Amino acid sequence: SAHCRKRPPRRPLSLMPSRHEHGSTTVLEWSDVSVALAGKVLVSPNSGSLQSSELVCIMGPSGAGKTTLLSALFGDKDLAQGTVHLRGEPLFRNKRRSSRRRHVASEMGYVRQRDIFIEALTVKETLLFTARLRMPEASNAEVAARVAAVVHDMGLQQTLDTTIGSTMRRGISGGELKRVNIAAELLGMPKVL
């Protein structure tokens with residue numbers, strides 16, 4: 001099982017990779033990535049890489065730029081400087097999101113801080129809807145099989161007929177909601193999550 005090992009902090013934001021598995025390949029690599037908005041640096045230059053089957057923790061205090069860094073690596077934010085490559089393919093051209101970003105980023109899953117689901121749908125309806133969006137060429141049987149596999153892997157069998165809910169409408173628990181969010185990303189079989 002993967003674990004995080006602590007390194008002495010050099011910056012407010014630090015990466016803590018697990019042990020590399022022998023023979024693993026680099027999936028995501030970034031070099032000197034920084035993000036700025038209106039002249040204010042949100043993320044100082046940061047470099048790192050992810051190997052296949054690796055678990056990496058991004059740690060730092062509130063406001064250190066953890067979410068901003070992830071958004072930049074995913075291609076949601078333009079870079080002030082640096083490069084990001086997914087399996088050798090650049091996600092940016094001249095620090096702006098490249099036209100290939102959509103294709104390359106389809107290999108990445110990104111579980112956002114805020115869950116965005118339709119509160120009236122059940123867990124099953126939510127995952128089937130998401131799977132159809134992520135697997136447009138798949139048959140109904142393939143979609144159903146993928147949803148069943150992810151539901152099993154995430155331990156969501158007991159929640160399938162429960163609505164997502166909201167603060168005003170009772171539904172699944174907060175922990176179950178986060179697992180549904182992760183499951184929704186896993187449906188697309190991302191190389192990086």
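The values are calculated or read from the model by the stated rules, or taken from the named source; none is laboratory data. Note that this is a predicted model, so its numbers are computed, not measured. When we count neighbours, we look across all protein chains shown, and the Cβ atoms used for this are built from the backbone with ideal geometry, even at glycine. Accessible surface areas use protein heavy atoms only, side chains included; no ligands, DNA or RNA. Shrake-Rupley method; radii C 1.70, N 1.55, O 1.52, S 1.80 Å.
Condition first: of a type in the set (Ser, Thr, Tyr) and over 18 Å from residue 92 (Cα atoms). Now tell me which residues in region 45-65 satisfy that.
Result: 52, 53, 62.
Just name the residue that is least open to solvent (accessible area, probe 1.4 Å) out of those in region 127-179 that are of a type in the set (Asp, Glu) and outside any loop (DSSP other than H, G, I, E, B).
If we filter region 127-179 for residues that are of a type in the set (Asp, Glu), which is where we start, we get 137, 142, 153, 161, 176.
Filter once more, keeping what is outside any loop (DSSP other than H, G, I, E, B): 142, 153, 176.
Working: 142: 102, 153: 114, 176: 52 Å².
Within region 127-179, the match that is least open to solvent (accessible area, probe 1.4 Å) is 176.
Output the residues belonging to region 180-193 that are in a helix (DSSP H, G or I) and not small (Gly, Ala, Ser).
Hits for region 180-193 are 180, 181, 182, 185, 186.
Test residue 114 against the criterion of being among the charged types (D, E, K, R), modelled with pLDDT under 85 and surrounded by fewer than 16 Cβ atoms within 10 Å (Cβ to Cβ), and give yes or no.
Criteria met by residue 114.
For residue 75, work out the one condition from (1) of a type in the set (Gly, Ala, Ser); (2) modelled with pLDDT of 85 or more; (3) surrounded by 14 or more Cβ atoms within 10 Å (Cβ to Cβ) it doesn't fulfil.
(2)
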